[in-house]
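The values are calculated or read from the model by the stated rules, or taken from the named source; none is laboratory data. The model shown is predicted, which means the values in this text are computed figures rather than measured ones. In this analysis, Cβ positions are derived from the backbone assuming ideal geometry, glycine residues included, and neighbour counts consider all displayed protein chains. Areas reflect the complete protein model, heavy atoms only, side chains present, ligands, DNA and RNA absent. Shrake-Rupley method; radii C 1.70, N 1.55, O 1.52, S 1.80 Å.
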Amino acid sequence: VQLQASGGGLRQPGGSLRLSCVASGFTLSTSVMNWFRQAPGKQRESVATITSGGSKNYADSVKGRFTISRDNAKNTVYLQMNSLKPEDTAVYYCSTIYMFTRYWGQGTQVTVSS
């Protein structure tokens, strides 16, 4: 199982970014996929989840601003982040559970600052 995240960067407050996570080694279409984030000095937290059936869940802090989606043909999960705030600054990780083991991507840095 491999998860390759990309798309992070520096944005001003109010800006947008789209993160991508390319998956391999398992069947994306039948898997629950997650985006987590970890800010400096804080615990890693769940940001968004998408199930194999397409149901989505979000942390309260990002509801209405972030959208998780998947393209099974491209084995890719996305996190569209709009109306970014300084408190969104963190390393973002895609993740899944396969064969009872949680796998993590390498993380991509998102910095929101003026």
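Can you tell me which residue in region 34-59 is farthest from TYR93 (Cα to Cα), limited to those that are among the β-branched types (Val, Ile, Thr) and either part of a helix (DSSP H, G or I) or under 12 Å from the mean Cα position of the chain (by Cα) (or both)?
Among them, the one singled out is ILE50.
Among the residues of region 98-113, which ones are assigned to a strand (DSSP E or B) and not aliphatic (A, V, I, L, M)?
Within region 98-113, TYR98, THR101, ARG102, TYR103, TRP104, THR108, GLN109, THR111 meet the criteria.
Listed here are the residues, each with its yes/no results for (1) in a loop (DSSP other than H, G, I, E, B); (2) surrounded by 15 or more Cβ atoms within 10 Å (Cβ to Cβ).
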residue	(1), (2)
LYS63	yes, no
ALA73	no, no
TYR93	no, yes
THR96	no, yes
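Just to check your reading of the model, which residue among LYS63, LYS42, LYS74 is closer than 17 Å to SER24 by Cα, out of contact with any strand residue (DSSP E or B) (no Cβ under 7 Å at 6 or more places or on another chain) and basic (Lys, Arg)?
That would be LYS74, the only listed residue that is closer than 17 Å to SER24 by Cα, out of contact with any strand residue (DSSP E or B) (no Cβ under 7 Å at 6 or more places or on another chain) and basic (Lys, Arg).
Just checking, how many residues over region 34-55 are more than 15 Å from PHE66 (Cα to Cα) and surrounded by 12 or more Cβ atoms within 10 Å (Cβ to Cβ)?
Final tally of qualifying residues: 5.
Can you name the residue in region 98-111 that is touching a Gly at 6+ places or on another chain (Cβ under 8 Å) and buried (at least 20 other Cβ atoms within 10 Å of the Cβ) and, of all such residues, is farthest from ALA5 (Cα to Cα)?
That would be VAL110.
From the set of residues in region 1-33 that are more than 25 Å from ALA73 (Cα to Cα) and open to solvent by less than 30 Å² (accessible area, probe 1.4 Å), which is nearest to the chain's Cα centre (by Cα)?
Only one residue fits best here, namely GLY9.
Considering (1) touching a residue at least 24 places away in the same chain (Cβ under 8 Å); (2) crowded, with 16+ Cβ neighbours inside 10 Å, say which one THR67 fails and leave the rest.
Condition not satisfied by THR67: (1).
Taking only pairs six or more apart or across chains, which ones have beta-carbon atoms under 7 Å, a first residue in region 44-59 that is under 18 Å from TRP104 (Cα atoms) and basic (Lys, Arg), and a second residue that is open to solvent by less than 60 Å² (accessible area, probe 1.4 Å) and assigned to a loop (DSSP other than H, G, I, E, B)?
none
Quick check on region 60-75: of everything there that is among the polar types (S, T, N, Q) and over 11 Å from the mean Cα position of the chain (by Cα), which residue is nearest to GLU45 (Cα to Cα)?
By that ranking, first place goes to SER61.
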